[in-house]
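The structure under discussion appears below in the form of C-alpha cells.
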Amino acid sequence: MDTVTNSKGETLYVDQRKGKRGQKSPFYIVYADKSGDTRWGFYCSNCESLDNAVDAMGRVKCNVCSNRTKAEEWDAAHE
C-alpha cells in the first residue's frame, strides 16, 4: 500500500487494488493502519485529495475536483 499524510499529519495507507470508478479517475480505499483493518475513507486519484464525501446512496464525491462515482444501488423511485 502507498502512504499519504492527512491534514493532521497522520500517515494513512492507500490500497490501489481496491477502488471505485469515478467520472474523472478512480477513488481508492484508505486505511488508518498498515494492516488494512481500520478503514479511514477514500483517496481521489484525479487530484490526489483525501477531502471526499460519501452520501447515503454510496456515492463518493471529491470536494476539491468534483470527481464522483455513481450510486451503488439505484431505484427509479429516487428520481
request  = Output the residues belonging to the stretch 46-71 that are of a type outside the set (Asp, Glu), outside any strand (DSSP E or B) and under 9 Å from the mean Cα position of the chain (by Cα).
outcome  = 50
remark   = With criteria (1) in contact with a strand residue (DSSP E or B) (Cβ under 7 Å, 6 or more places away or on another chain); (2) of a type in the set (Ser, Thr, Tyr); (3) in a loop (DSSP other than H, G, I, E, B), residue 28 comes up short on (3)
ask   = Give me the pairs: first residue in the stretch 54-73 and under 17 Å from residue 25 (Cβ atoms) and surrounded by 13 or more Cβ atoms within 10 Å (Cβ to Cβ), second residue of a type in the set (A, V, I, L, M) and modelled with pLDDT under 90, beta-carbon distance under 6 Å, and six or more apart or on different chains, which are they?
value = 59/71
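The values are calculated or read from the model by the stated rules, or taken from the named source; none is laboratory data. Since the structure is predicted, the reported quantities are computational estimates derived from the model, not experimental observations. Cβ atoms come from the backbone with ideal geometry, glycine included; neighbour counts cover every protein chain shown.
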